[in-house]
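A.B. asks: This is the structure I have questions about; it appears just below.
The values are calculated or read from the model by the stated rules, or taken from the named source; none is laboratory data. Predicted model, so just to flag it, every value in this text is computed and none were measured. Neighbour counts are summed over all protein chains in view; Cβ atoms, including those assigned to glycine, are modelled from backbone coordinates with ideal geometry. In case anyone asks, the SASA skips ligands and DNA or RNA and just uses the protein heavy atoms, side chains included. Shrake-Rupley method; radii C 1.70, N 1.55, O 1.52, S 1.80 Å.
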Amino acid sequence: MPELPEVETIRRELEPMLGERTILRAEIGDSRLTRPRAPAKLAEELEGERIAALDRRGKYLLVRFESGKTLVVHLRMTGSLRHRQAGGDLLPYERARLELDDGSELVYRDVRRFGTWCLLDAIELESYLAARVGPEPLAPDFSSELLRGRLAGRRIALKAALLDQRTLAGLGNIYVDEALWAARLHPAATAGSLSRQAIVRLHGAIREVLALGIARQGATLRDYALPDGETGSMQNEFRVYGRENEPCERCSTSISKTRIAGRGTWFCPRCQRR
Ligand SMILES: [Zn+2]
């Protein structure tokens, strides 16, 4: 599933191509994408909208229109966007297509169909996001004190707390495991029990792994690709994720795999003691 660095990479690539473009025609062929709204109704509303900016909040891509409305796109497991010359062939698993006024089109594909498109006005957007996502970990005002407050009193596993998008926006299975290794913290540690020093390390580690992920244009495992068809290379930088039985780069102990919060979890049993 695309996490913050993957969605941010998509945003950065698409922004110069979509900015100030008007949607001439919208086709949405999947009712799961827009439910509870009818796809034809949403498509009709999108036609004529002029794109003002492309933003991101956590794993949500925000297509902001000059009208004040915003198309909120969540790629979930397998959603992807492709930008190309208009009028191309139907792509496998194509769910929607936006034809733009410069002769290009944006095509949305989704194998497993968990992705969502939602068109909201400014007030709806605020409450939609407030209910779903916590602070942005790369925002300048995201401090270790703020992180401390998000974890305080929580009796669940640290990994589960970090996967919860309301704790922090944008982390998923890969970047949580990588951040916990960098901070030398056990994924099953109780979230609310961390020392001040441990939180400072975790805060730095989260920002570091996310920044590295963006610098490498995200991790390409299965379905993730950039809108121009290119792939990211963060998978070459993984220290623990997917590296069961390989030596830890810090201490040479074999990386372990376990299950926490229902997710496959990789960690070094020596550097990340409970
Ligand atoms: Zn180690």
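A.B. asks: I need the per residue convex hull volume for the chain, using only the alpha carbons, in cubic angstrom as a whole number.
C.D. replies: Normalising the Cα hull of the chain by residue number yields 127 Å³.
A.B. asks: At what distance in nm do the modelled label points of ALA53 and GLU20 sit from each other, each positioned 7 Å from its Cα along Cα→Cβ?
C.D. replies: 1.6 nm
A.B. asks: How much of the accessible area of region 4-130, probe 1.4 Å, is carbon plus sulfur, in whole percent? Could the numbers behind the result be given before it?
C.D. replies: Numbers: 2820 of 5870 Å².
Reported share for carbon and sulfur atoms: 48 percent.
A.B. asks: Once Lys and Arg get +1 and Asp and Glu get -1 on their Cβ, which of GLY172, ILE10, ALA211 lies farthest toward the positive end of the dipole of the chain?
C.D. replies: GLY172
A.B. asks: Once the convex hull of the C-alpha atoms of region 144-267 is built, how many Å³ does it hold per residue, rounded to a whole number?
C.D. replies: It is 109 Å³ per residue.
A.B. asks: Continuing with this model, one more query. With springs connecting C-alpha atoms under 10 Å apart, model the chain as a Gaussian network and identify which of LEU33, LEU221, LEU71 has the largest mean-square fluctuation.
C.D. replies: Judging by the Gaussian network model, the answer is LEU221.
A.B. asks: Work out, step by step, the length gained on full extension between SER67 and GLU208: first 0.36 nm times the residue separation, then minus their alpha carbon distance; give nm to one decimal.
C.D. replies: Residue separation times 0.36 nm, minus the Cα-Cα distance, leaves 47.1 nm.
A.B. asks: At a probe radius of 1.4 Å, what is the per-residue accessible area of CYS268, in Å² to the nearest 10?
C.D. replies: 0 Å²
A.B. asks: Still on this structure, I have one more. Output wanted: per-residue J couplings in Hz (rounded whole) for region 28-36, from phi through Karplus 6.51 cos²θ - 1.76 cosθ + 1.60, θ = phi - 60°, x for Gly and Pro.
C.D. replies: 10, x, 9, 6, 5, 5, 10, 4, x
A.B. asks: Rounded to whole Å, give me the distance from the Cα center of region 120-156 to that of region 235-257.
C.D. replies: 30 Å
A.B. asks: Given 20 °C and 1.002 mPa s, compute D for region 1-43 with the Stokes-Einstein relation, Rh being the Kirkwood radius over Cα pairs; round to the nearest whole µm²/s. Numbers along the way, then the final one.
C.D. replies: Working: Rh = 12.6 Å.
My calculation gives 170 µm²/s for D.
A.B. asks: Let me ask another. At 1.4 Å probe size, put GLU237, GLU3 in order of accessible surface, largest to smallest.
C.D. replies: Details: GLU237 40, GLU3 5 Å².
From most exposed to least exposed: GLU237, GLU3.
A.B. asks: How big is the charge dipole of the chain about its Cα centre, in debye rounded to the nearest 20, if each Lys and Arg gets +1 on its Cβ and each Asp and Glu gets -1 on its Cβ?
C.D. replies: The calculated dipole for the chain is roughly 1820 debye.
A.B. asks: Follow-up question, since we're still on this one. Can you list residues from other chains, or at least 5 along the same chain, whose modelled amide H is less than 5 Å from the amide H of GLY172?
C.D. replies: Distant-sequence amide H within range of GLY172: LEU4.
A.B. asks: Shifting gears a bit: Among rounded, prolate and oblate, which fits region 4-130 when a ≥ b ≥ c are the square roots of the eigenvalues of its C-alpha gyration tensor, a/c under 1.5 means rounded, and a/b larger than b/c means prolate?
C.D. replies: Values: a/c = 1.19, a/b = 1.10, b/c = 1.08.
Cα axes put region 4-130 in the rounded bin.
A.B. asks: When the chain is modelled as a GNM with alpha-carbon springs shorter than 10 Å, which of ILE214, ILE28, ILE260 fluctuates the most?
C.D. replies: Largest GNM mean-square fluctuation: ILE260.
A.B. asks: Can you give me the accessible area per residue for region 51-93, using a 1.4 Å probe, in Å²? Write down the numbers at each step before the final one.
C.D. replies: On the way: 1870 Å² over 43 residues.
Per residue, region 51-93 has an accessible area of 44 Å².
A.B. asks: Another question about this same structure. What list of ³J(HN,Hα) couplings, whole Hz, do you get for region 261-274 from phi and the Karplus terms 6.51, -1.76, 1.60, once you set θ to phi - 60° and write x for glycine and proline?
C.D. replies: In residue order, the calculated couplings are 6, x, 10, x, 9, 10, 7, 8, x, 8, 6, 10, 6, 6 Hz.
A.B. asks: Which residue fluctuates the most in the chain, going by a Gaussian network model with Cα springs under 10 Å, if the choices are ILE123, ILE206, ILE156?
C.D. replies: Result: ILE123 has the largest fluctuation of those listed.
A.B. asks: Whole-Hz Karplus ³J(HN,Hα) for region 122-135, in order, using 6.51 cos²θ - 1.76 cosθ + 1.60 and θ = phi - 60°, x for Gly and Pro?
C.D. replies: Each residue's phi maps through the Karplus curve to give 4, 6, 4, 4, 4, 6, 4, 6, 4, 7, 10, 10, x, x Hz.
A.B. asks: Using a 1.4 Å probe, what is the accessible area per residue for region 214-274, in Å²?
C.D. replies: 57 Å²
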